[in-house]
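One structure below.
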Amino acid sequence: MQVFDDREDYEYFLELLEKASKRENVKIHAYCRISKEVNSLISRLMQ
């Protein structure tokens, strides 16, 4: 089983990730996509 069925799923995930990071005021420093999971390094931005 994989996280994403195809490239379109992966691109949609990246769009959602960008929108969520802006909405939640966080910075995504890095992420790593592995076949069964996505790991990320995220920090909250100071206001």
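The values are calculated or read from the model by the stated rules, or taken from the named source; none is laboratory data. Quick caveat: nothing in here was measured; it's all calculated off a predicted structure. Cβ placement follows ideal geometry from the backbone for every residue including glycine, while neighbour counts extend to all protein chains displayed.
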Only one residue in 40, 21 is surrounded by 10 or more Cβ atoms within 10 Å (Cβ to Cβ), free of Cβ contacts under 8 Å to residues at least 24 places away in the same chain and in a strand (DSSP E or B), so which one is that?
40
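Limited to the range 21-31, what total is found for residues that are under 22 Å from residue 2 (Cβ atoms) and modelled with pLDDT of 95 or more? Reasoning before the result, please.
Taking the range 21-31 first, the residues under 22 Å from residue 2 (Cβ atoms) are 28, 30-31.
Within this subset, residues satisfying the condition of being modelled with pLDDT of 95 or more are 28, 30.
Count: 2.
Filter the range 1-18 for residues that are part of a loop (DSSP other than H, G, I, E, B) and either over 14 Å from residue 37 (Cβ atoms) or touching a Pro at 6+ places or on another chain (Cβ under 6 Å) (or both) and give the result.
Within the range 1-18, the subset part of a loop (DSSP other than H, G, I, E, B) is 1-6.
If the condition is that a residue be part of a loop (DSSP other than H, G, I, E, B) and either over 14 Å from residue 37 (Cβ atoms) or touching a Pro at 6+ places or on another chain (Cβ under 6 Å) (or both), then 5, 6 are the ones that fit.
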What are the residues in the range 24-37 that are surrounded by 10 or more Cβ atoms within 10 Å (Cβ to Cβ) and more than 12 Å from the chain's Cα centre (by Cα), if any?
24, 25
